[in-house]
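Student: Encoded as structure tokens, here's the structure I'll be asking about.
Please treat every number below as a calculation from the coordinates, not as lab data. Being a predicted model, the structure only gives us computed values, none of them experimental.
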Amino acid sequence: MINGHGDDSHLFGREGLLDFSSNIPYRNHSDAIIAHIGEVLPRIKNYPDPNASRLTSLLARKQQQKENSIVVTNGSTEAFYITAQAYKGAKSMVAIPSFAEYEDACSRFGHRISYLTYPEITARKVKPYDMLWMAYPNNPDGYIISTDILTDILEQCPDTLVVVDTAYSELSHTPIRIDSLHSRYPNLITIHSLTKTFAIPGLRLGYIVASEEIAEQVSSMRMPWSVNALAQEAGSYIMEHYEELLPPSEELIAECLLFRGELLNEINRLTISPTSSNFFLARLPNRDAKSLKSYLIEQHGILIRNADNFRGLSPQHFRVSVQGPEANRRLLEALQDYLSQTSI
């Protein structure tokens, strides 16, 4: 579980690292959420609502779903695990490269796991399985599968539960609001993260949208009181102030595309995947990204995410999340320094 993750500056004993490793948007309104939590802090003297009823109602209204189709979870990671647990022993297909927790959750509950790449999905090579796990958009590369292909999968594999991680959908150019598909496709399960979009990852808050039958089965796997009172309060506050608390995704994506272009223009030895989000995946030609990561920490106070624990990627891959024009330029120059000192 959590076999490698962004935002691991605590491992290096360094304060003030410039953190490109986490996909949390650097431009956000988390201060308003933190202030609200401070106002409701005395509520920790009481047990939380075990059903997160108020938050569930607000989420159902936002997603235009029935309340019985919503399952509030302790972050999206709990959602992966209880979904896998609800279908213990299933035959699962995991799209790669993707967040390692899909595979880890399936492994924990005895799933028989196979893998396929996103190009294979795009080529419509998906075969019927009990479950298909994928992301929209994908982490670590920001790739977004087309709406036509997604709906084709849902239609052509009606007995396959298609689990879609939408953690970065509010930070990306997504062509469709995926939860609008639930009414047509009862085999769709979407998993959401509030803590990523709204930059409160330490609080842990997510939710599942699924058919009422699936939601009931998945919900039965939850531990009692898995979502604490402050997380529920934060979620309710976010839902009541949703638009004003959203990060400026269009500006973040534009900045990411600009930075990617600058890197490609000024460092021609890097390979950088196309992206539709606030982060991108890069590859060194023949040098271990762990070495680059150590160099950047020690010499420049910069933290990146080496991506070698994403199945299907090489030790040369690393991920970067934009941090603003000045910080981005600092990383670009640090990368130039590193490459000038190596033989690659």
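Student: Before anything else, pin down the relative contact order of the stretch 163-277: Cα pairs under 8 Å, at least 6 apart, normalised by residue count, whole percent.
Tutor: 29
Student: Per-residue HN-Hα couplings for the stretch 221-232, Karplus 6.51 cos²θ - 1.76 cosθ + 1.60 at θ = phi - 60°, whole Hz, x for Gly and Pro?
Tutor: My calculation for the stretch 221-232 gives 8, 5, 6, x, 6, 6, 10, 6, 4, 5, 5, 5 Hz in order.
Student: Going Cα to Cα from residue 91, which aspartates and glutamates come in below 18 Å? Please leave out same-chain ones fewer than 8 positions away.
Tutor: Counting by Cα, and skipping residues close in sequence, residue 91 has these aspartates and glutamates nearby: 101, 103, 104, 130, 159.
Student: Please compute the contact order of the stretch 29-245 in relative form: average sequence separation of alpha-carbon pairs under 8 Å and at least six residues apart, divided by the residue count, as a percent.
Tutor: 30
Student: Full-extension gain between residue 57 and residue 220, please, as 0.36 nm times their residue separation minus the C-alpha to C-alpha distance.
Tutor: 56.8 nm
Student: Among the listed pairs 66/88; 196/290; 88/125; 88/127; 125/290; 125/293, which are separated by more than 30 Å between their Cα atoms?
Tutor: 125/290; 125/293
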